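Asks: Sending over a structure as structure tokens; questions will come in a sec.
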Amino acid sequence: MKMLLFGASGRTGQVVARLAQEAGWQVLTPAHAECDLADERAVVETVLGSGADVVVNSAAISGLEACLDDPLLAHRVNAMAPAAMALACRHTGARFVHLSTDYVLAGHRAGKKNEAAKCKPVSVYGESKREAELAVLEALPTAVVLRVSWICGNPQKPAFVEQTVARALAGQPLAAIADKESLPTDAEDIARVVLAMAGTKAGGIWHVCAGGEPVSWHDCAVLALQCAVEEGALAVVPAVAAQKRAEVAFFREERPRYTAMNNEKLQAMGIPMPDAAETIRRVVKRYLAYLSRK
Ligand SMILES: NC(=O)c1ccc[n+]([C@@H]2O[C@H](COP(=O)([O-])OP(=O)(O)OC[C@H]3O[C@@H](n4cnc5c(N)ncnc54)[C@H](OP(=O)(O)O)[C@@H]3O)[C@@H](O)[C@H]2O)c1
């Protein structure tokens, strides 16, 4: 089986490529320089010429401030390119798996949201990703849209969880946002879901994240540090200052407050997901093992 994977150099793409190769797939990984997603024609030609059974889009401009600074480029890369991929897949008959985000939700109300929840993104990034969801499913109703959140678990591209442990190991002061809730997703779980969904005929939107109660970044930081103590990497859990989103100078774009997703639809498909604490435990253990090998 042949997979065409966009975004293979990214945090999630690297893991998808590795797991697919381990599962015996031939994986084509066009780099940004070989196929710029801002160039719709290049996108279509790459899909049409690939002979792929499955096309996976893990590419995006995923930085909120980058999208804010260039909304037109965000629209082209995050929305028009996946729409073009979906149309090309309709032509070739390839299965299409596209990654989306919990930031398509408005996040005004607490609690976990299922796939039918109303979408009302509050950022340019979220708008571009929601536009992609609608365009992809209109072009190809059998496409699979996987909404993921707070990706971590690729030690080569440390995310918030790994960065917290790294800072603690370096004895640096720690702070984490406490007024924002979601659920983390391990990149290894995303890759596992991508491969599982590639082998089904199920289309539509799927929430792919840890189970359990919603957590803040502050909760995640404390859980990660507790795990580092259990693993013997730290002597004690250091203090983590609780921050508000409004206090973070780097944030020029709005972050929605409550975007935790309900993954029951995915679990009902027979695809299990760990809860948030277990996700963070796995991610920290993997990161510490990676550091010890370096
Ligand atoms: N990170 C999160 O916590 C998070 C949360 C929810 C949803 N998501 C979504 O999950 C998916 C994967 O996210 P990620 O964090 O793994 O992504 P990432 O690490 O930011 O990687 C993005 C990938 O997209 C590629 N890319 C960006 N612009 C491109 C362009 N114009 N042409 C071709 N390739 C381009 C990058 O290649 P270069 O580096 O070479 O440019 C890279 O391979 C994305 O759809 C993202 O929106 C992410």
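The values are calculated or read from the model by the stated rules, or taken from the named source; none is laboratory data. As the structure is a prediction and not an experimental result, all values here were calculated from the model. With ideal geometry, Cβ positions are generated from the backbone for all residues, glycine too; neighbour counts draw on all protein chains shown. SASA here: full protein model, heavy atoms, side chains in, ligands and nucleic acids out. Shrake-Rupley method; radii C 1.70, N 1.55, O 1.52, S 1.80 Å.
Asks: Which of the residues spanning segment 177-202 are in contact with a strand residue (DSSP E or B) (Cβ under 6 Å, 6 or more places away or on another chain) and open to solvent by 20 Å² or more (accessible area, probe 1.4 Å)?
Replies: Answer for segment 177-202, where residues must be in contact with a strand residue (DSSP E or B) (Cβ under 6 Å, 6 or more places away or on another chain) and open to solvent by 20 Å² or more (accessible area, probe 1.4 Å): Ala178, Glu181.
Asks: Does Ala116 satisfy being modelled with pLDDT of 95 or more, open to solvent by 50 Å² or more (accessible area, probe 1.4 Å) and aliphatic (A, V, I, L, M)?
Replies: In short, yes.
Asks: If a residue has to be in contact with a strand residue (DSSP E or B) (Cβ under 9 Å, 6 or more places away or on another chain), within 10 Å of the ligand (Cβ to nearest atom) and open to solvent by 60 Å² or more (accessible area, probe 1.4 Å) to count, how many in segment 1-29 make the cut?
Replies: Of the residues in segment 1-29, 2 are in contact with a strand residue (DSSP E or B) (Cβ under 9 Å, 6 or more places away or on another chain), within 10 Å of the ligand (Cβ to nearest atom) and open to solvent by 60 Å² or more (accessible area, probe 1.4 Å).
Asks: Ok, one more. Here are Arg286, Arg245: which of them is more than 19 Å from Tyr103 (Cβ to Cβ) and open to solvent by 30 Å² or more (accessible area, probe 1.4 Å)?
Replies: Arg286
Asks: Give me the strands (runs of 3 or more DSSP E) completely within segment 124-239, filtered to those with at least 1 residues that are over 14 Å from Tyr287 (Cβ atoms) and among the aromatic types (Phe, Trp, Tyr), ordered by residue number.
Replies: Values: elements: 144-148, 174-177, 204-208.
Fully inside segment 124-239 and qualifying: 204-208.
Asks: Another one. Could you grab me the full set of residues in segment 30-54 that are within 14 Å of the ligand (Cβ to nearest atom) and either open to solvent by less than 40 Å² (accessible area, probe 1.4 Å) or in contact with a Lys or Arg (Cβ under 9 Å, 6 or more places away or on another chain) (or both)?
Replies: Pro30, Cys35, Leu37, Ala38, Asp39, Glu40, Ala42, Val43, Thr46, Val47
Asks: Let me ask something additional. Residues in segment 57-71: is at least one open to solvent by 20 Å² or more (accessible area, probe 1.4 Å), within 23 Å of Phe250 (Cβ to Cβ), within 9 Å of the ligand (Cβ to nearest atom) and more than 19 Å from the chain's Cα centre (by Cα)?
Replies: no
Asks: Could you identify the single residue in Pro173, Pro155 that is open to solvent by 40 Å² or more (accessible area, probe 1.4 Å) and more than 11 Å from the ligand (Cβ to nearest atom)? Even if it seems obvious, please write down each step before you answer.
Replies: Values: Pro155 fails: open to solvent by 40 Å² or more (accessible area, probe 1.4 Å).
The unique qualifying residue is Pro173.
Asks: Name the one entry in Thr279, Thr259 that is touching a residue at least 60 places away in the same chain (Cβ under 8 Å), of a type in the set (Val, Ile, Thr), in contact with a Gly (Cβ under 9 Å, 6 or more places away or on another chain) and closer than 30 Å to Asp69 by Cα.
Replies: Thr259
Asks: Counting only residues that are part of a helix (DSSP H, G or I), touching a residue at least 40 places away in the same chain (Cβ under 8 Å) and within 16 Å of Gly199 (Cβ to Cβ), how many does segment 1-49 have?
Replies: Qualifying residue count for the region: 3.
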